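This report concerns only the one structure given below.
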Amino acid sequence: MTCSTSFRRETTHPPLEPKPHEVESTKRTRIRAYEETEVARIRAAEKVLQGYFEQVFAERRGNFEQLFSRLDDALEKGNGEATAVVLQSIVDIARTSPLADLGDLSQIRAALDDPDQVWDL
């Protein structure tokens, strides 16, 4: 009886390092994905802010139209007290800025990043 023993030679190969082309391709893919995500966030923020400004400025326009109509009535009637009150109201509204109502823009950014944020316009 012949006994044959075979020895298997185990060799350890160092892990293959990715080729520079593969590494750069992976980086470009990640950058593209990040870019698409950020562009989508910016567009979403733009829509929210546009809606906000449309509402706020329409509201302001309506307020000014009503106040100037009241000013015209007060002037026609010669009512100095009503004229002063209406003019003060016009000045008070004109002094405020819709941008001031937005608050800290970093808080808006954090809210935009929050998928559970509910926007009431």
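Run down Ala74, Ala82, Ala100, Ala58 and say which single residue is out of contact with any helix residue (DSSP H, G or I) (no Cβ under 7 Å at 6 or more places or on another chain), assigned to a helix (DSSP H, G or I) and modelled with pLDDT of 85 or more.
On the way: Ala74 fails: out of contact with any helix residue (DSSP H, G or I) (no Cβ under 7 Å at 6 or more places or on another chain); Ala82 fails: out of contact with any helix residue (DSSP H, G or I) (no Cβ under 7 Å at 6 or more places or on another chain); Ala100 fails: modelled with pLDDT of 85 or more.
The match here is Ala58.
Residues that are surrounded by 11 or more Cβ atoms within 10 Å (Cβ to Cβ) and among the aromatic types (Phe, Trp, Tyr) within the stretch 21-59 comprise Tyr52, Phe53, Phe57, listed in sequence order.
The values are calculated or read from the model by the stated rules, or taken from the named source; none is laboratory data. The model shown is predicted, which means the values in this text are computed figures rather than measured ones. Cβ: placed from backbone, ideal geometry, glycine included. Neighbour counts: every protein chain shown.
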